[in-house]
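Written below as structure tokens is the structure these notes are about.
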Amino acid sequence: MVTAAINQGTTPEARKTARILIVGGGYVGLYTALCLQRKLKRELKAGDVEVVVISPDPYMTYQPFLPEAAAGSISPRHVVVPLRRVLGQCKVLIGEVQSIDHAKRTATLVTLATEEEGAGAEQITYDELVLAPGSVSRALPVPGLAEHGIGFKTVEEAIGLRNHVIEQMDIASSTRDPAIRDAALTFVFVGGGYAGVEALGELEDMARYAARYYHNVQPEDMKWILVEATNRILPEVGEEMGKYAVTELRRRNIDVRLHTRLESCVDRVAVLSDGARFPTRTVVWTAGVKPHPLLAATDLPLNERGRLKCTPRLTVDGAPHAWAAGDAAAVPDVTAQEPGTETAPNAQHAVRQAKVLGDNIVHSLRGEELETYSHKYVGSVASLGLHKGVAQVYGRKLKGYPAWLMHRAYHLSRVPTFNRKARVLAEWTLSGLFKREIVSLGSLEHPRAEFELAAGGKPPQDPKGSS
């Protein structure tokens, strides 16, 4: 078994090595492991400490770059950071933790090997637990959403959406049926947060540029619709900049509908709460996230929203040797004026919390005093497409090109490793010198289709029916 070597000594007391188990390979998981790898270099080499990272993917996705990857400004492989490459002194297991019994210091997991062998779940013991599985998309029970909706949380979804949009333009260009053409050129995005607005802005930019290469598709033929249930979009950048973002999007003929919900998308018809109906082949769902289901399968305390109750020192409240940060953790905001305020579940806090979390684990192992996480939210930046953006940083409000430039500069500084920074910067430079790439590689989603057809089988059907 994969975990056989790791589980030598079935209980924490039977092992001489202190094992730190990190569940999740996202912002918190990666940055915490990097911090431990740097701070415990001697202990890791001597075998006194062991860091095990369990993640369902062998890479960390830098999600703020997903819109640019979808638009073709950044290569997909540069949006992800390979865990094994940057965590050379840690043990990385690709699998999913199904439950955690912290009282017994055990986690139950399924790895790729156990799935391949048809074996049951395995258990791994630990001394210190870092629980950072992140969040998952919050899908509401909208009729037709499960069959026709497209998410935008992973790099696979981002590239799949890019391929899908270009394929719809191909369909519209080649069909003689006006109903099919109209549905193919109608794109509905649900959710006015970062993911929805930035994805829509970048993809609309890309599609408008791509239209010049279609003799019978014009930018004005396309309908781009943003549906938001509240009275504003991008609440993180402030009310004034949020209003500017709406104005900017509408200036580009993007239909922004506030106080509106998606009621149904059965039979590829988006029905909105204001009575509007749009035949469409593209419904992108970015309406928020919820805590990872794993949290409910633990014996750790949760708050009313399903997040882990944490202390300002990033320990799980009332659970010794358990730590958490990021989307999964409800961390008290010690800088807030109102008592009971928690830090926002965003990348800015997750990255900074991970550093304090890693330091505190080292302090705990060495019997030192723990640090308190204290970081005042400095502001937010958002892209609305190429050379367009909004920002509110340290009270200063920026829009247009300066905000877009700040958006790129900030995220370039935040993406992990110098290798990724250099590659992303090189791609931005090249994309400024040459024309956009507008090729659809939808066949990558079914790489064996052609061979199966040649061998006498049936090619797989696209579950979304995009072609």
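Structure values in brief
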read-out	value
Test set (1) crowded, with 18+ Cβ neighbours inside 10 Å; (2) outside the structural domain of L234 (by TED's automatic domain parsing) - E304 fails condition number	(1)
Where a residue in region 280-306 is under 22 Å from N346 (Cβ atoms) and its partner, wherever it lies, is of a type in the set (D, E), with Cβ under 6 Å and at least six apart	none
Listing of helices (runs of 4 or more DSSP H) fully contained in region 139-206 that carry 1 or more residues being in contact with a strand residue (DSSP E or B) (Cβ under 9 Å, 6 or more places away or on another chain) and under 14 Å from Q63 (Cβ atoms)	155-174
Contacts under 8 angstrom Cβ, first residue in region 136-162 being closer than 17 Å to K290 by Cβ, partner of a type in the set (F, W, Y), 6 or more apart	S137/W285; A139/W285; L145/W285; G149/W285; G151/W285; F152/W285
Conditions (1) more than 23 Å from L36 (Cα to Cα); (2) modelled with pLDDT under 90; (3) out of contact with any Ser or Thr (no Cβ under 8 Å at 6 or more places or on another chain); (4) not small (G, A, S); number of the one not met by V351	(1)
Residues being part of a strand (DSSP E or B), under 28 Å from G160 (Cβ atoms) and under 24 Å from the mean Cα position of the chain (by Cα) - total across region 273-319	7
Filter pass, G400 being free of Cβ contacts under 8 Å to residues at least 60 places away in the same chain, exposed (fewer than 14 other Cβ atoms within 10 Å of the Cβ) and in the same structural domain as A207 (by TED's automatic domain parsing)	no
In region 69-80, residue nearest to A113 (Cα to Cα) [restricted to those that are out of contact with any Phe, Trp or Tyr (no Cβ under 6 Å at 6 or more places or on another chain) and surrounded by 20 or more Cβ atoms within 10 Å (Cβ to Cβ)]	H78
Subset of region 235-276 that is farther than 18 Å from V197 by Cβ and out of contact with any Ser or Thr (no Cβ under 9 Å at 6 or more places or on another chain) - its residue that is surrounded by the fewest Cβ atoms within 10 Å (Cβ to Cβ)	G275
Conditions (1) in contact with a helix residue (DSSP H, G or I) (Cβ under 9 Å, 6 or more places away or on another chain); (2) touching a residue at least 60 places away in the same chain (Cβ under 8 Å); (3) within 30 Å of A325 (Cβ to Cβ); (4) not polar (S, T, N, Q); number of the one not met by E167	(3)
Residues located in region 4-27, provided they are at pLDDT below 95, under 25 Å from T114 (Cβ atoms) and either hydrophobic (A, V, I, L, M, F, W, C) or part of a helix (DSSP H, G or I) (or both)	A4, A5, I6, P12, A14
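Conditions tested, residue by residue: (1) assigned by TED's automatic domain parsing to the domain that holds W323; (2) over 21 Å from the mean Cα position of the chain (by Cα); (3) of a type in the set (D, E, K, R).
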{"residue": "L370", "(1), (2), (3)": "no, yes, no"}
{"residue": "R396", "(1), (2), (3)": "no, yes, yes"}
{"residue": "R408", "(1), (2), (3)": "no, no, yes"}
{"residue": "L412", "(1), (2), (3)": "no, no, no"}
{"residue": "V415", "(1), (2), (3)": "no, no, no"}
{"residue": "R420", "(1), (2), (3)": "no, no, yes"}
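The values are calculated or read from the model by the stated rules, or taken from the named source; none is laboratory data. All values reported here derive from a predicted model rather than from experimental measurement. No Cβ is skipped: glycine too gets one built from the backbone with ideal geometry, and neighbour counts run over all protein chains shown.
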